[in-house]
Structures are given as structure tokens and as C-alpha cells.
Amino acid sequence: MQDARSAEARLRRSVQVHLTRARGQRAIADARLVYPVEALALAALRQGRAYRCLALLTMADALSADRPRRVPAWWMHVLADARSSAHALLGQDEAERISAAVQGFTFPRVVSYIIEGVDELARTESCGLTQRQLEIAVLVTKGFSTSEISGFLGITKSTISSHIRQMYYKLGIRSRTELAAWVASCQPGLYTNPPGSAYETYGRTHPGRSAA
């Protein structure tokens, strides 16, 4: 996790340097800038920041729309997987909200969002739960075990257990069943599971899932 954060910080600095040197809006359309933005999206997903990941991917699409570029097939595959995972974590409705919001960004706001690294698009109606806890809550609701959540998000099982205990305390609940009911009733956009999502793919490749 620390490696992902360090990589993100370096990428943000490189984008800032590029913008400073280029000066002007043409810099934002430069194909050389698109790759760092896409890499920032991957770093955000690695940290469990699905909102920022999807926003950055949407921005990268806009930046390269008028500038055809040769993109390696393996890189397109990586980006497609990241987009699918972000959609799965957010739900279709929330993903569409993020994409629509980003498309309405002014140029200065795009630059600010890329450089500052703030999840300003994340919803706040979360009863005090952090973005990471919301993501864990959705995975719990979908029947993922602690071990599977650990593998999916790249954090330790003890950290996940700690987050779950904190969610129980914040929400005044005592079980995964109650947590699932809260997600379904209070965060329906997060629960939506679009066909072909990363969750379904994971389920097909891990048929022995349990809710342990």
C-alpha cells in the first residue's frame, strides 16, 4: 500500500512538472500526459479509491479523444480491468454519476483534481464510514470471505477485520447480515452489480467462496 501511495505522489509531481513546463491548455491534450493520468488511476484503484480511479480514467479518455495514439494491447487490457473493477465497486448508477460529473469539469478543475489527489467526487452519505470501509462493506455484502477481500484489495486480513469491527460500531450492528442490509438500503448505488463485473468474474474463478 505504501508503494502505491509513493508511486502516486511521484506521478502527481511529474504531471505538475509537465504542466508547468508546457504552460497552456494544449499540454493537457498532450499524449505524453495521458499515460501518467492513467497510471494515477491504477494507483488509486490499488489503494481502493474506486471513485478517483474511474474519474481519472474518464479524464484520460477525454484528454486523448482528439489525439489518436498507439496504445499497446496489454496496456488497454490493464485499463479495461481497472475500469471494470471500479464499476463493480461503485455500482452502475454511481459510476455513471462520476463519469457525468467529470465531463462537466472545467480545465482548471481537471488539473486540480489530477494534481491534488483528493476524492472530491466520493459521496459523503456514509454514516461516518471511510471510503475503504464502504468498499469492504460491499464485498462483505456480496459474500466475499475475509481472505478473499484481502486478496481483492491487497490489504491484510487483520486490517479488514479491524475495519469490519469499526463499521459494526459506527452503524450499531453486530453481524455481516446486518451490514448487508445496511448497504442494500442506504447505499443501493454501491450494491448494484453490473453484468460482467469484476465481482462476477472473481466468483466464477473462485466457486468455493464462503462468507467466513
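The values are calculated or read from the model by the stated rules, or taken from the named source; none is laboratory data. No experiment lies behind these values; they were computed from the predicted model shown. Note that each Cβ is placed from the backbone with ideal geometry, even for glycine, and that neighbours are counted across all protein chains shown.
If you take the residues in segment 1-28 that are among the small types (Gly, Ala, Ser) and either modelled with pLDDT of 70 or more or closer than 21 Å to Arg83 by Cα (or both), which one is nearest to the chain's Cα centre (by Cα)? If you could, list the steps in order and put the result at the bottom.
Within segment 1-28, the subset among the small types (Gly, Ala, Ser) is 4, 6-7, 9, 14, 22, 24, 27.
In the following step, the residues that additionally are either modelled with pLDDT of 70 or more or closer than 21 Å to Arg83 by Cα (or both) were identified as 4, 6-7, 9, 14.
Numbers: Ala4: 13, Ser6: 17, Ala7: 16, Ala9: 17, Ser14: 21 Å.
Looking at residues that are among the small types (Gly, Ala, Ser) and either modelled with pLDDT of 70 or more or closer than 21 Å to Arg83 by Cα (or both), I get Ala4.
Looking only at segment 76-107, filter to residues that are part of a loop (DSSP other than H, G, I, E, B) and within 30 Å of Ala184 (Cα to Cα); which one of those is modelled with the highest pLDDT?
First pass over segment 76-107, keeping only residues part of a loop (DSSP other than H, G, I, E, B): 91, 104-106.
In the following step, the residues that additionally are within 30 Å of Ala184 (Cα to Cα) were identified as 91, 104.
Details: Gly91: 79, Gly104: 82.
Across segment 76-107, the extreme among qualifying residues is Gly104.
Being touching a residue at least 12 places away in the same chain (Cβ under 8 Å), within 15 Å of Glu38 (Cβ to Cβ) and not small (Gly, Ala, Ser) is the filter here, so list the residues in segment 76-105 that pass it. Spell out the reasoning first.
Narrowing segment 76-105 to residues touching a residue at least 12 places away in the same chain (Cβ under 8 Å): 78-79, 81-95, 97-99, 101-103, 105.
Still in the running and within 15 Å of Glu38 (Cβ to Cβ): 78-79, 81-86, 102.
Passing the criteria: Val78, Leu79, Asp81, Arg83, Val102.
Out of everything in segment 123-154 that is outside any helix (DSSP H, G or I) and buried (at least 18 other Cβ atoms within 10 Å of the Cβ), what residue ends up being modelled with the highest pLDDT?
The initial filter retains those residues of segment 123-154 that are outside any helix (DSSP H, G or I), namely 123-130, 142-145, 154.
With buried (at least 18 other Cβ atoms within 10 Å of the Cβ) added as a condition, the list becomes 129, 142, 144-145.
Values: Leu129: 77, Lys142: 83, Phe144: 89, Ser145: 92.
Per the criteria, the residue is Ser145.
Listed here are the residues, each with its yes/no results for (1) of a type in the set (Lys, Arg); (2) assigned by TED's automatic domain parsing to the domain that holds Ile160; (3) not in a helix (DSSP H, G or I).
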{"residue": "Gly48", "(1), (2), (3)": "no, no, yes"}
{"residue": "Arg52", "(1), (2), (3)": "yes, no, no"}
{"residue": "Ala55", "(1), (2), (3)": "no, no, no"}
{"residue": "Thr58", "(1), (2), (3)": "no, no, no"}
{"residue": "Arg67", "(1), (2), (3)": "yes, no, yes"}
{"residue": "Val71", "(1), (2), (3)": "no, no, yes"}
{"residue": "Trp74", "(1), (2), (3)": "no, no, no"}
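Mind listing whichever residues of segment 156-171 are within 18 Å of Ala50 (Cβ to Cβ) and at pLDDT 90 or above? So that I can check it myself, show each step before the final result.
Kept after step one, since they are within 18 Å of Ala50 (Cβ to Cβ), are these residues of segment 156-171: 159-160, 163, 167.
Within segment 156-171, Thr159, Ile160, His163 qualify.
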